[in-house]
Amino acid sequence: MWALWAVVGSAALATGGNVMTMEISSSAFRHEREVPRLYTCEGKDLSPPLVWEGLPKGAKSVALIVDDPDAPDPKAPKMTWVHWVLYNLPTSITGLPEAVHAADLPPGTRQGSNDWKRVGYGGPCPPIGRHRYFFKLYALDVVLPELAKPTKVELERAMQGHVLAEAQLMGTYQKKGQ
């Protein structure tokens, strides 16, 4: 594991004259570096540890979407493959531990459906080439209503007009022997 935290902020917020950036990072991999095998279909397919900071004032909940825009082949991408959909994470938490299971999620947190048509984390498993995996964090000005296991598209639709800030962490992965 990396001793340094990778930090990527994609939203700078003005708060009383100060600029504040929301950030998401992981102790397991640095931004734009390889996701360790442990967190992939070739390993134990565990969710990596994630931490965040800099939620803007007025945030009422947090959403997380993990996706791969390089599917099925990074040389000729045709779709974005969704690996994890979470919403209504409370603003009182600052991250998720490694290998988080549904029962371990903070009260009120909801999960959506990934592109394997199941709920929960599904790690990198590219059929060909090196893919990019984006861990996208959104600070929302509302707690969303129950969405009954939404897809990424359904969650994004529900978040429209409610995103105060967002941040991204990107890791890459290529199966061994490719």
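The values are calculated or read from the model by the stated rules, or taken from the named source; none is laboratory data. What you see is a predicted model, and the numbers here were worked out from it, not measured in a lab. FYI the Cβ positions are ideal-geometry reconstructions off the backbone, even for glycines, and counts take in every protein chain you see.
The figures follow:
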| quantity | calculated |
| --- | --- |
| Selection from the stretch 140-170 of residues that are surrounded by fewer than 19 Cβ atoms within 10 Å (Cβ to Cβ), small (Gly, Ala, Ser) and modelled with pLDDT of 95 or more | Ala158, Gly161 |
| Residue in the stretch 89-112 that is surrounded by 13 or more Cβ atoms within 10 Å (Cβ to Cβ), among the acidic types (Asp, Glu), under 24 Å from Met22 (Cβ atoms) and out of contact with any helix residue (DSSP H, G or I) (no Cβ under 7 Å at 6 or more places or on another chain) present | yes |
| Set Pro48, Pro69, Pro77: member being in a strand (DSSP E or B) and closer than 18 Å to Lys175 by Cα | Pro69 |
| Exclusive hit being farther than 26 Å from Glu23 by Cβ, small (Gly, Ala, Ser) and in a loop (DSSP other than H, G, I, E, B), set Gly129, Gly122 | Gly129 |
| Those residues of the stretch 119-131 which are within 14 Å of Val66 (Cα to Cα) and either surrounded by fewer than 20 Cβ atoms within 10 Å (Cβ to Cβ) or within 14 Å of the chain's Cα centre (by Cα) (or both), in sequence order | Val119, Gly120, Tyr121, Gly122, Gly123, Pro124, Cys125 |
| Of the criteria (1) touching a Pro at 6+ places or on another chain (Cβ under 9 Å); (2) surrounded by fewer than 22 Cβ atoms within 10 Å (Cβ to Cβ); (3) touching a residue at least 60 places away in the same chain (Cβ under 8 Å), which one Val85 fails | (2) |
| Within the stretch 109-119, considering residues that are out of contact with any Ser or Thr (no Cβ under 8 Å at 6 or more places or on another chain) and touching a residue at least 12 places away in the same chain (Cβ under 8 Å), the one farthest from Pro150 (Cα to Cα) | Thr109 |
| Subset of the stretch 57-102 [closer than 19 Å to Gly123 by Cβ and among the small types (Gly, Ala, Ser)] | Ala71, Gly95, Ala99, Ala102 |
| Residue among Val85, Val62 that is β-branched (Val, Ile, Thr), in contact with a Lys or Arg (Cβ under 7 Å, 6 or more places away or on another chain) and either in a loop (DSSP other than H, G, I, E, B) or modelled with pLDDT of 95 or more (or both) | Val85 |
| Criterion (at pLDDT below 50, closer than 21 Å to Pro124 by Cβ and either surrounded by 12 or more Cβ atoms within 10 Å (Cβ to Cβ) or not hydrophobic (A, V, I, L, M, F, W, C) (or both)) met by exactly one of Val35, Val8 | Val8 |
